[in-house]
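Asker: One structure, as structure tokens, below. Some questions next.
The values are calculated or read from the model by the stated rules, or taken from the named source; none is laboratory data. These numbers were taken from a predicted model, which means no experiment stands behind them. Virtual Cβ from ideal backbone geometry, glycine too; neighbours counted across all protein chains shown. Accessible surface areas use protein heavy atoms only, side chains included; no ligands, DNA or RNA. Shrake-Rupley method; radii C 1.70, N 1.55, O 1.52, S 1.80 Å.
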Amino acid sequence: AQRVTQVQPTGSSQWGEEVTLDCSYETSEYFYRIFWYRQLFSGEMVFLIYQPSFDTQNQRSGRYSVVFQKSFKSISLVISASQPEDSGTYFCALSAPGSWQLIFGSGTQLTVMP
Amino acid sequence: ETAVFQTPNYHVTQVGNEVSFNCKQTLGHDTMYWYKQDSKKLLKIMFSYNNKQLIVNETVPRRFSPQSSDKAHLNLRIKSVEPEDSAVYLCASSLTGRVIPEQFFGPGTRLTVL
């Protein structure tokens, strides 16, 4: 069975601070993929960053990066220099061979104060 | 414009009625998905479909069925709605073999069952 856990339902930061959002997962697959998405208040889902399990290097994309700890089955999203526009709900998602369907965590609602 | 389009944006109906939601993607993708997001923002996969395979999440009630005319369309039909079907339904698509295999999401259809 596959499962994704995000234990922080909410988070906050001040403008310019670095933010870390945590995610852990369960899977018995050797090869899998982890994605981070942000859901805007409008409901739109925006893709942020992708980490394949075969790559031990932490991925980066603009102000987003991940800390991938494969042996602990955890992956954190790091947002550098956070801005109020970064506010929204952040979802971690796992997919595995076969269907490649996304299994989502429960999300972390982030508020960045001006 | 290339994207994932969903209609309608909102739908209000009564228990027992049949409803149908449309999803179309103009991204040239080969796989489409339906997710359900409940009032607590929990996202769950319902179906994934490409031209070879339909995968149904085992927890999806039988009153839900996907309908596809071609790889650019995947509609969702609910035969006899129940109150617990009130949710936002998100359609997504992806392309097999992309270096970054993220799913692209539509804006969602909000269903309210009275």
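Asker: Given the conditions (1) more than 11 Å from chain A (Cβ to nearest Cβ); (2) in contact (Cβ under 8 Å) with a residue 12 or more places away in the chain, report the number of the one that residue B:69 does not fulfil.
Answerer: Status for residue B:69: all satisfied but (2).
Asker: Restricting to the stretch A:17-26, name every residue that is closer than 20 Å to residue A:85 by Cα and open to solvent by less than 50 Å² (accessible area, probe 1.4 Å).
Answerer: Result: A:19, A:21.
Asker: Further question on the same structure: Out of the residues in the stretch B:43-54 that are more than 19 Å from residue A:107 (Cβ to Cβ) and surrounded by fewer than 18 Cβ atoms within 10 Å (Cβ to Cβ), state the one that is farthest from the other protein chains (Cβ to nearest Cβ).
Answerer: Checking each candidate, the answer is B:51.
Asker: Pick from B:88, B:81: which is outside any strand (DSSP E or B) and open to solvent by less than 60 Å² (accessible area, probe 1.4 Å)?
Answerer: B:81
Asker: Could you please let me know if residue A:42 is polar (S, T, N, Q), away from every other protein chain (no Cβ under 14 Å) and either part of a strand (DSSP E or B) or on the phi < 0 side of the Ramachandran plot (or both)?
Answerer: The answer is no for residue A:42.
Asker: Same structure, new question: Name the single residue that is most open to solvent (accessible area, probe 1.4 Å) among those in the stretch A:54-81 being touching a residue at least 24 places away in the same chain (Cβ under 8 Å) and out of contact with any strand residue (DSSP E or B) (no Cβ under 6 Å at 6 or more places or on another chain).
Answerer: By that ranking, first place goes to A:72.
Asker: Quick check on the stretch A:1-10. Is at least one of its residues in contact (Cβ under 8 Å) with a residue 24 or more places away in the chain, buried (at least 17 other Cβ atoms within 10 Å of the Cβ) and in contact with a strand residue (DSSP E or B) (Cβ under 6 Å, 6 or more places away or on another chain)?
Answerer: Yes: the stretch A:1-10 contains one or more residues that are in contact (Cβ under 8 Å) with a residue 24 or more places away in the chain, buried (at least 17 other Cβ atoms within 10 Å of the Cβ) and in contact with a strand residue (DSSP E or B) (Cβ under 6 Å, 6 or more places away or on another chain).
Asker: Looking at the stretch A:27-38 only, could you name the residues that are open to solvent by 10 Å² or more (accessible area, probe 1.4 Å) and closer than 18 Å to residue A:63 by Cα?
Answerer: A:38
Asker: So, residue B:35, is that one closer than 23 Å to residue A:91 by Cβ, part of a strand (DSSP E or B), at the interface with chain A (Cβ under 10 Å from one of its Cβ atoms) and within 13 Å of the chain's Cα centre (by Cα) or not?
Answerer: The answer is yes for residue B:35.
Asker: Does residue A:36 meet the test of being within 14 Å of another protein chain (Cβ to nearest Cβ), part of a strand (DSSP E or B), under 20 Å from residue B:104 (Cα atoms) and touching a strand residue (DSSP E or B) at 6+ places or on another chain (Cβ under 8 Å)?
Answerer: Yes: the conditions hold for residue A:36.
Asker: On to the next question. Scan (1) without any contact (Cβ under 8 Å) to a residue 40 or more places away in the chain; (2) within 11 Å of another protein chain (Cβ to nearest Cβ); (3) assigned to a loop (DSSP other than H, G, I, E, B); (4) open to solvent by 70 Å² or more (accessible area, probe 1.4 Å) for the single condition residue B:102 breaks and write down its number.
Answerer: Of the numbered conditions (1) without any contact (Cβ under 8 Å) to a residue 40 or more places away in the chain; (2) within 11 Å of another protein chain (Cβ to nearest Cβ); (3) assigned to a loop (DSSP other than H, G, I, E, B); (4) open to solvent by 70 Å² or more (accessible area, probe 1.4 Å), the odd one out for residue B:102 is (4).
Asker: Would you mention how many residues in the stretch B:55-66 are part of a loop (DSSP other than H, G, I, E, B) and more than 10 Å from every other protein chain (Cβ to nearest Cβ)?
Answerer: 6
Asker: Quick one: what pairs do we get from the stretch B:26-49, first residue on the phi > 0 side of the Ramachandran plot, second in a loop (DSSP other than H, G, I, E, B), C-beta under 8 Å, 6+ apart or different chains?
Answerer: From the stretch B:26-49, the pairs are B:28/B:2; B:28/B:95; B:41/A:106; B:41/A:107.
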